[in-house]
Amino acid sequence: MGPSIAAEEVEAAGAERSDPGTQRYLLQALQPPDLDLVMRTGRIVWFQNRDYLLRQGEPGDWLYLITSGDVSVRVAVDGGLEQEVARLGPGDF
């Protein structure tokens, strides 16, 4: 099973060209027509503190580019508890 990903006041989006996230290598590697396609077809979604973007064991069929806030990546451990294994921030995906 994969990790659970919980939002902590996160805005995940197809960012505008001027956003810092577009400077990351993921988007920077795209040719202009491909980047334009991502910007036109992406959508902005907001998550509240403690919302789940994805739960452990669910298929991941979206790409989230974090433009603000933090995301905690957690895995289930003994006793059903969760342990944070990563923290993502603006520009991460």
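The values are calculated or read from the model by the stated rules, or taken from the named source; none is laboratory data. Note that the coordinates shown come from a computational prediction; the quantities given were computed from them, not determined experimentally. Neighbour counts are summed over all protein chains in view; Cβ atoms, including those assigned to glycine, are modelled from backbone coordinates with ideal geometry. In case anyone asks, the SASA skips ligands and DNA or RNA and just uses the protein heavy atoms, side chains included. Shrake-Rupley method; radii C 1.70, N 1.55, O 1.52, S 1.80 Å.
Tabulated data
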quantity: Residues satisfying the stated conditions in segment 45-93, i.e. of a type in the set (A, V, I, L, M, F, W, C), more than 16 Å from L27 (Cα to Cα), open to solvent by 60 Å² or more (accessible area, probe 1.4 Å) and free of Cβ contacts under 8 Å to residues at least 40 places away in the same chain; calculated: W46, L81
quantity: Single residue of V75, V71 found to be closer than 12 Å to F93 by Cβ, outside any helix (DSSP H, G or I) and modelled with pLDDT of 85 or more; calculated: V71
quantity: Qualifying residue in segment 8-31 (condition: modelled with pLDDT of 85 or more, out of contact with any Cys (no Cβ under 9 Å at 6 or more places or on another chain) and not in a strand (DSSP E or B)); calculated: yes
